[in-house]
1. Binning every alpha carbon pair distance of the range 198-322 at 5 Å from zero, what are the percents per bin?
2. Could you give the angle, 0 to 90 degrees to the nearest 10, between helix 11-22's Cα long axis and the longest principal axis of the Cα atoms of the chain?
3. Any chance you could check the Cα centroid distance between the range 73-122 and the range 208-239 for me, in angstrom?
4. Based solely on its DSSP helices, what 222 nm [θ] is calculated for the chain when runs of n ≥ 4 H residues each add -39,500 (n - 2.57) and the sum is averaged over all residues, nearest 500 deg cm²/dmol?
5. Based on the Cα gyration tensor of the chain, what are the three equivalent ellipsoid semi-axes, each the root of five times an eigenvalue, rounded to whole Å and given largest first?
6. With each pseudo-label sitting 7 Å past Cα toward Cβ, what's the residue 444-residue 194 distance in nm, one decimal?
7. Take the Cα of residue 111, step 7 Å along the line toward its Cβ, and report every residue of the range 24-65 whose backbone nitrogen sits under 15 Å from that point.
8. Would you calculate the convex hull of the Cα atoms in the range 213-279 and tell me its volume per residue in Å³?
Amino acid sequence: MQIKNEEKLKKSSIIAYAVANSSGYQFIQAVVAGYILIFFTDTFGIPAAAASAIMLIASIWDAINDPMMGAVADRTNSRFGRYRGYLLFCPFILTAISYLLFLNPSGLSVNEKIVWAAVFYVLYGMCVTAVQMPLAALIPTMTKKDSERHAIVQIMVFLASICLMLVSSFTLNMGAAVGGYHNLMLIGGIVMIVTFLILFKNSEEKYLTPVSKEPFMHDVKALLKIKELYPVMVVWLTGYLGFNMMMSSSVYYMMYYISRPDLIPTYMLVLSIAGMASVTFGISILMKIFKGSVKKCFGFSQAVTAVIYIVLFFVGGKSLTALYVLSGLAAAFATMSNAFIPMINNEMIDYVAYKNGTHMNATVSAIKGFSCKCGAGLASALLGGALAFGGYVAGAIGQQTEAALLGINIGRFGIPAIAALILCIALKFYPVDQVKGEITAMKEEVISGEA
């Protein structure tokens, strides 16, 4: 392996990575996660059941597409590097597809709208993979130090929480101001393109193994033979399921369950501020308490989240004060998943190298990306299914059936609670802590040039 002596990662590289991940790119994903379902049902005018089916179809395709794209990226050999080249052109494509995803062309029948939504939602998922996969794979090539990796993630998540605060609290106002969600996607895309170009200039792939000569499916098959990966996939999936369910169901909850659409910005602001505070201070506190164990920190945060959600399921609609206070507390712990998920991705890249003796950064990241997109897609699908089952009627504030209200309450608090509990169970099988010493020794050999 050709490596360089380990040097302290430049602040410009850390900041460039965090900003690229957590500004325009994060903005686009946050708007899609929080508003695509309500856009499909209330603006675009397709049935909730059809929207739910689209999410499931996209997830099935991701299961096939994402690992293959990861294996291709691990075999890329260009003058720009293995992963950095993707930063140059993929953001342009994602911007165009995101714009079309939220476009509302006139004159389409309901069936034509369903086809339009399905095509561009699937393409959107593919473009997210093409951006996220090399982006996540890049960190382990930049540094082998856990302290520097965690620093990148914590800055990244802090900036992302600011972005999420803007999206969750002001998307409706911003969308109206610029003429629709599609124009918001265009603005976010421009920011994404600029920040990715800056990251391209300020990043360096220092730790790379030779490009594999095996067929690209070899990596996928080898990776899927690692049985320890499967509970980690459940962790990634349920982590994103819970967080995205929180974001996408909150608008429905305040609009229809509480019947106070005027309080949506305030409620979302409470969630965002709580999340921002937790990633600024809470993660560092937990990491000290649990001595740097991502597994223990993640498990504790999700256990607390589940307990609060169960309480809110029964009392959330009875008191606005209790709803705000408990929802903010739950959001503080739930938002931590946005930091722990990429930390686990970095650790699993090292674990796979430890198990197989080969680095499959993009393939592991693609598996993570697929799991997370499944979680996000499943969140929208479950919420859409609950609305359809309950007989939800778009725009009928104060006139929803009891079944529809129950479905909204389940979507807001019931499903996220179950997801958090499943995540805690899956974390019991997380393999990294058991071989942490061996993995650290392996990385030190790479740094010293003995490998």
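1. Final binned percentages: 2, 7, 11, 15, 14, 13, 13, 9, 7, 5, 3, 1, 0.
2. Once rounded, one gets 30 degrees.
3. Result: 24 Å between the Cα centres.
4. For the chain, the value works out to -25000 deg cm²/dmol.
5. Its equivalent ellipsoid spans semi-axes of 36, 24, 20 Å.
6. That separation, rounded to one decimal, is 4.5 nm.
7. Answer for this model: 47.
8. About 148 Å³ per residue, rounded to a whole number.
A short reminder: the numbers here are calculations on the coordinates, not readings from a lab. Everything numeric here is computed off the predicted structure, so don't read it as measured data. Here the Cβ is made from the backbone with ideal geometry for all residues, glycine too, and neighbour counts use every protein chain on show.
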